[in-house]
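Q: Below is one structure. I have some questions about it.
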Amino acid sequence: MSTEPVRGLSGQSGAFVGRQPAGCNMYLETVSQEKNPKEVWQEHLKGVYESAKMMSNNALGRQRTPDRALKLMAKLHAITETNIGIVSARLQALPQAQREMMTPQCSAGCDYCCVQLVRVTACEVLAVYAFVKANFSEEAQEDLLKRLVETKEYTLSKPATTSFRHQCPMLVDHKCSVYFSRPFICRGINSASVAACKAGYAADSTGPAAIPIVDSMRDVAVSVRWGLKESMVEQGLEGPDLYLHLAMLTLMQDASAVDKFFVGEPVFQSAVIPANE
Ligand code: SF4
């Protein structure tokens with residue numbers, strides 16, 4: 001996987017709102033020399049989930065602070081990247097034909113999938129927000145605020161029955177401007193075919209594009225995210241899935257929302273994704 005800002009990821013079922021990608025590449029099923037590789041992988045994912053939840057409970061319990069939460073997010077991001085790296089290494093051991101079919105083709109500047117409404121938890125938004133405050137100039141923050149408002153207005157202008165295709169407000173010059181703090185969904189979606197992403201993008205005027213996701217990488221990100229999300233709910237924090245752009249807008253317009261969130265106030269209600277989406 002590229003370590004540079006990558007143009008995106010998209011399409012995971014339940015990842016970006018309104019996308020139902022094709023999915024493919026259950027590479028573990030093809031590793032025939034291992035005994036029950038699918039079960040081994042499921043056990044591994046369970047361990048990833050449990051680790052994420054335990055770490056989240058430790059950081060988000062009664063002694064929680066914004067700083068502890070940000071350190072937690074850095075650790076969870078690292079766990080995600082490490083385990084995606086494990087998948088990547090396993091892919092390299094496959095026969096060439098399978099490897100070529102399943103290896104991610106994502107690279108910096110390729111952003112066909114960054115045209116979705118991204119689904120996040122509140123802690124993920126806080127990590128993105130902290131990254132913006134620490135790394136963006138005043139001008140860049142103002143530009144981001146404009147893109148967030150513009151995205152909100154765009155979504156409000158679209159009938160609910162039409163598909164969504166609009167550049168993510170975090171995308172700048174075809175690269176993710178918050179790459180190092182990007183949401184789990186964005187980390188987990190890796191495409192095995194740029195051609196398929198391109199075709200899906202071109203055809204998405206009426207419906208979702210089909211992106212051949214590397215399932216095992218997606219499963220890693222989902223497992224970490226699920227551990228975090230369950231912990232947030234158990235610790236009395238706002239737990240519903242949020243639209244990234246609306247939650248970011250909340251924070252950019254009211255910095256006090258960060259502290260309110262950590263004392264359990266529901267500050268992201270305007271960003272909550274309806275249960276049927
Ligand atoms: S947050 Fe970054 S990686 Fe995710 S959709 Fe937006 S631009 Fe793409």
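The values are calculated or read from the model by the stated rules, or taken from the named source; none is laboratory data. As the structure is a computational prediction, the values presented were derived from the model and not from experiment. Neighbour counts run over all protein chains shown; Cβ positions are idealised from the backbone, glycine included.
Q: Scan segment 239-267 for residues that are more than 18 Å from the chain's Cα centre (by Cα) and in a loop (DSSP other than H, G, I, E, B) and jot them down.
A: Once the filter is applied, which keeps residues that are more than 18 Å from the chain's Cα centre (by Cα) and in a loop (DSSP other than H, G, I, E, B), segment 239-267 yields Asp254, Ala255, Ser256, Val263, Gly264, Glu265, Pro266, Val267.
Q: Conditions: (1) crowded, with 20+ Cβ neighbours inside 10 Å; (2) without any contact (Cβ under 8 Å) to a residue 40 or more places away in the chain. Glu265 meets all but one. Number of the miss?
A: (1)
Q: To continue, here is another question. Consider Met252 carefully, then state whether it is crowded, with 18+ Cβ neighbours inside 10 Å, modelled with pLDDT of 95 or more and more than 16 Å from the ligand (Cβ to nearest atom).
A: no
Q: Take the conditions under 30 Å from Asn276 (Cβ atoms) and touching a residue at least 40 places away in the same chain (Cβ under 8 Å) and apply them to Val128. Does it pass?
A: Answer is yes for this residue.
Q: Here's another thing I want to ask about it. Could you check segment 225-245 and list, in sequence order, the residues that are of a type in the set (A, V, I, L, M), more than 16 Å from the ligand (Cβ to nearest atom) and farther than 21 Å from Ala78 by Cβ?
A: Val233, Leu237
Q: Another question, then. Within 16 Å of the ligand (Cβ to nearest atom) and at pLDDT 95 or above, is that true of Ala209?
A: Criteria not met by Ala209.
Q: Restricting to segment 87-107, what's the tally of residues that are surrounded by fewer than 16 Cβ atoms within 10 Å (Cβ to Cβ) and at pLDDT 90 or above?
A: 2
Q: Name every residue in segment 35-48 that is within 20 Å of the chain's Cα centre (by Cα) and over 11 Å from Asn83 (Cβ atoms), in order of residue number.
A: Lys46
Q: Restricting the search to segment 107-144, which residues are of a type outside the set (S, T, N, Q) and more than 17 Å from the chain's Cα centre (by Cα)?
A: Those that are of a type outside the set (S, T, N, Q) and more than 17 Å from the chain's Cα centre (by Cα): Gly109, Lys133, Ala134, Phe136, Glu138, Glu139, Ala140, Glu142, Asp143, Leu144.
Q: Has segment 104-118 got at least one residue that is out of contact with any Cys (no Cβ under 8 Å at 6 or more places or on another chain) and either closer than 22 Å to Leu237 by Cα or away from the ligand (no atom under 16 Å from the Cβ) (or both)?
A: The answer is no, given that none of the residues of segment 104-118 is out of contact with any Cys (no Cβ under 8 Å at 6 or more places or on another chain) and either closer than 22 Å to Leu237 by Cα or away from the ligand (no atom under 16 Å from the Cβ) (or both).
Here is a yes/no grid of residues against (1) away from the ligand (no atom under 12 Å from the Cβ); (2) farther than 16 Å from Ala127 by Cβ; (3) without any contact (Cβ under 8 Å) to a residue 60 or more places away in the chain; (4) surrounded by 23 or more Cβ atoms within 10 Å (Cβ to Cβ):
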{"residue": "Gln167", "(1), (2), (3), (4)": "no, yes, yes, no"}
{"residue": "Val172", "(1), (2), (3), (4)": "no, yes, yes, no"}
{"residue": "Lys175", "(1), (2), (3), (4)": "no, yes, no, no"}
{"residue": "Tyr179", "(1), (2), (3), (4)": "no, no, no, no"}
{"residue": "Arg182", "(1), (2), (3), (4)": "no, no, yes, yes"}
{"residue": "Ile185", "(1), (2), (3), (4)": "no, no, no, yes"}
{"residue": "Gly188", "(1), (2), (3), (4)": "no, no, no, yes"}
{"residue": "Ala195", "(1), (2), (3), (4)": "yes, yes, yes, no"}
{"residue": "Ala199", "(1), (2), (3), (4)": "yes, yes, yes, no"}
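Q: Please work out which one of (1) away from the ligand (no atom under 11 Å from the Cβ); (2) touching a strand residue (DSSP E or B) at 6+ places or on another chain (Cβ under 8 Å); (3) assigned to a loop (DSSP other than H, G, I, E, B) is the condition Thr155 fails and give its number.
A: (3)
Q: I would also like to ask the following. Could you check segment 37-115 for helices (runs of 4 or more DSSP H) lying wholly inside it with 2 or more residues that are under 15 Å from Val214 (Cα atoms) and touching a His at 6+ places or on another chain (Cβ under 9 Å)?
A: Hits in segment 37-115: 66-92.
Q: In addition: Which of (1) within 12 Å of the ligand (Cβ to nearest atom); (2) among the aliphatic types (A, V, I, L, M); (3) within 20 Å of Ser270 (Cβ to Cβ) is the odd one out, the single condition Leu126 does not satisfy?
A: The failed condition is (1).
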